[in-house]
Every structure is written in C-alpha cells, then in structure tokens.
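Q: The structure that follows is given in the form of structure tokens.
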Amino acid sequence: MSHEIWSTVDEYLEKRLLGDDVVLEKCLEAASKAGLPEIQVSPTQGKQLYLLAKMIGARTILEVGTLGGYSSIWMARALPEAGRLVTLEIDPKHASVARGNFALAGQDQKIRLIEGPALDSLATLEREGFCDVDLTFIDADKQTTPQYFEFALKFSRAGSVIVVDNVIRDGRVIDQGSTDEGVLGTQRFLETVGQDRRVEVTAIQTVGNKGYDGFALALVR
Ligand code: SAH
Ligand code: DHB
Ligand code: MG
C-alpha cells in the first residue's frame with residue numbers, strides 16, 4: 001500500500017462524488033501561483049467539513065489557519081445566508097491570497113479574516129464577546145493546538161463540534177522521542193483532551209492524496 005494508490009483512489013472518489021468545481025480549482029491555482037505551500041485539506045476532506053457543518057446546521061464557524069482559504073470556502077458554503085465564518089491567519093501573503101479567493105468564490109460577505117498571530121486574534125474575539133460557535137476547525141501551527149482548543153471551548157456551547165487537523169502525521173504522533181514542536185503539541189493535546197470532561201472525543205487516521213494523517217473530532221458536552 002502506497003501513497004500512489006491512496007492518491008489514485010482519492011481521484012476516483014473525487015470524480016464520482018464531488019464532480020468538477022471550477023471555482024475551487026481556480027482558488028487552488030491562485031494559491032499555487034502565489035507560491036503557497038500545498039498543505040490545504042484534500043477535496044474529499046473539504047467536502048467532509050462542508051457536510052459536517054451542514055449536518056449540525058452550523059451558523060457560526062471558527063477556523064484557525066486559513067492558508068489560501070480552501071477549507072474556509074468549503075465550510076462557508078455550508079452556511080446559511082446569515083451565517084458567518086471567522087478565520088485566522090498569521091501570514092500576510094496567505095491572507096491576501098485567501099481574500100482574493102473568498103471574493104472569487106462569492107463567499108467574502110460571509111467570511112471575516114483576521115490577520116495576525118491566532119492567539120492574539122482569539123484574545124480579541126474573546127474581548128468582543130465572540131460566542132455560540134457551532135464548529136471550530138483547528139489547522140494552524142500544531143505546537144499551539146492545546147491553546148487553540150481551550151479558546152475553541154470558550155466560544156462553544158453544548159453540542160458544538162471541534163475538529164483538529166493533522167494529528168497523525170505519518171504516525172509520528174506515537175514517537176515518544178520526538179523533538180518536533182508540532183508533534184509534541186499534538187501529543188500534549190491528545191493526552192489532555194482524552195481526560196477532558198468537557199468533551200467527548202475521538203481521532204481517525206486517514207490516507208489519501210495528502211498522505212497518511214488524521215483528524216480529531218470533539219463534541220462539547
Ligand atoms: N486550513 C487550511 C490550511 C491551513 S495551513 C486549508 O485546509 O485550506 C496552516 C496555516 O496556519 C498556514 O497558512 C500558516 O501560515 C498558518 N499559521 C501558522 N501559525 C499561525 C499562527 N500562530 N497564527 C495564525 N495562523 C498561523
Ligand atoms: C502541514 C500543515 C497542515 O495543516 C497540513 O494539513 C499538512 C501539512 C505542514 O505544516 O506541513
Ligand atoms: Mg492541516
């Protein structure tokens with residue numbers, strides 16, 4: 001079993017279950033042309049986030065880590081007209097590409113992008129009284145995931161959903177000798193979230209055109 005077959009199967013699923021998406025293709029092209037790293041969620045994962053948002057009838061979504069706005073657009077599409085998505089991005093170039101893509105996808109009215117270190121933006125949102133977030137997608141610097149998760153909980157209500165991306169990273173999550181800050185952050189997160197009485201949680205390993213990784217899924221009590 002190799003990356004090659006995972007990718008080919010992903011293409012098979014994409015073609016049959018997702019169909020052509022000219023707008024999102026253009027968004028990916030814009031991101032690629034601007035030299036952004038190609039680390040956005042895959043199309044099938046993007047649609048999973050979209051379906052999840054729809055399943056829970058999300059009206060307010062928070063995303064930590066925008067990149068070129070690919071996952072933001074998938075989730076924003078699931079929102080009703082009056083719904084809102086707030087997304088946080090530290091890199092001005094990424095933020096600029098994302099803004100262009102939000103306009104291209106006709107989602108700019110629903111999306112608020114806050115540029116800067118996410119911990120600062122989250123503190124600002126807290127001061128503003130930001131709350132009632134139905135779905136949070138945590139997908140930024142992995143060493144800070146535990147703190148992002150705490151903020152997500154503050155903004156949540158009973159029944160809110162929190163998704164954390166990249167918790168497996170080719171299995172590196174089980175490397176007890178790891179010195180990688182990202183891996184250590186994910187390990188700290190998984191070790192504490194499992195004991196956290198405020199949530200019910202699981203994690204799922206995934207393969208596909210993004211390799212071998214996975215996500216954690218938490219439901220706020
Ligand atoms: N969610 C995106 C991918 C995000 S990649 C998608 O699937 O389409 C991770 C992003 O987090 C990068 O753009 C990176 O610049 C951003 N990031 C890293 N550290 C950050 C921080 N401290 N605050 C905010 N964003 C950060
Ligand atoms: C990386 C970050 C991500 O959010 C992702 O989905 C894949 C890779 C990275 O930093 O390498
Ligand atoms: Mg990710």
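What follows draws every value from the coordinates through simple rules; no lab data is involved. For clarity, every value in this text was computed on a predicted model and none was experimentally measured. A quick note on method: Cβ atoms are made from the backbone with ideal geometry, for glycine too, and the neighbour counts reach across all protein chains shown.
Q: Let me check the size of the range 99-188 from its C-alpha atoms; what are the radius of gyration and Dmax in Å?
A: Both quantities, over Cα of the range 99-188: 15.2, 46 Å.
Q: Here's something else I'd like to know. Helix-only estimate, please: 222 nm mean residue ellipticity of the chain, summing -39500 (n - 2.57) across DSSP H runs of length 4 or more and dividing by its residues, to the nearest 500.
A: After summing the helix terms and dividing by residue count, I get -12500 deg cm²/dmol.
Q: Same structure again: Report the charge-dipole magnitude of the chain in Debye, nearest 20, computed about the Cα centre from +1 at each Lys and Arg Cβ and -1 at each Asp and Glu Cβ.
A: Rounded to the nearest 20 debye, it is 640 debye.
Q: Mind checking which of Gly65, Gly19, Gly211 has the largest fluctuation in a GNM of the chain, springs on alpha carbons under 10 Å?
A: Gly19
Q: Separation of the range 108-137 and the range 165-221 by C-alpha centroid, Å?
A: Centre-to-centre (Cα) distance: 23 Å.
Q: What translational diffusion coefficient, to the nearest whole µm²/s, does the range 159-199 have by Stokes-Einstein, given a Kirkwood radius computed over alpha-carbon pairs, a temperature of 37 °C and 0.692 mPa s viscosity?
A: Answer, rounded: 294 µm²/s.
Q: Here's a follow-up. Under 13 Å from the Cβ of Gln187, count the other residues' Cβ atoms, weight Lys and Arg +1, Asp and Glu -1, and hand me the total.
A: 0
Q: Where does the chain land on Rg(C-alpha)/(2.2 N^0.38 Å)?
A: 0.97
Q: Separate question: Assigning unit charges at the beta carbon (Lys, Arg +1; Asp, Glu -1) and nothing else, what dipole magnitude in debye, to the nearest 20, does the range 1-116 show about its Cα centre?
A: Computed about the Cα centre, the dipole is about 480 debye.
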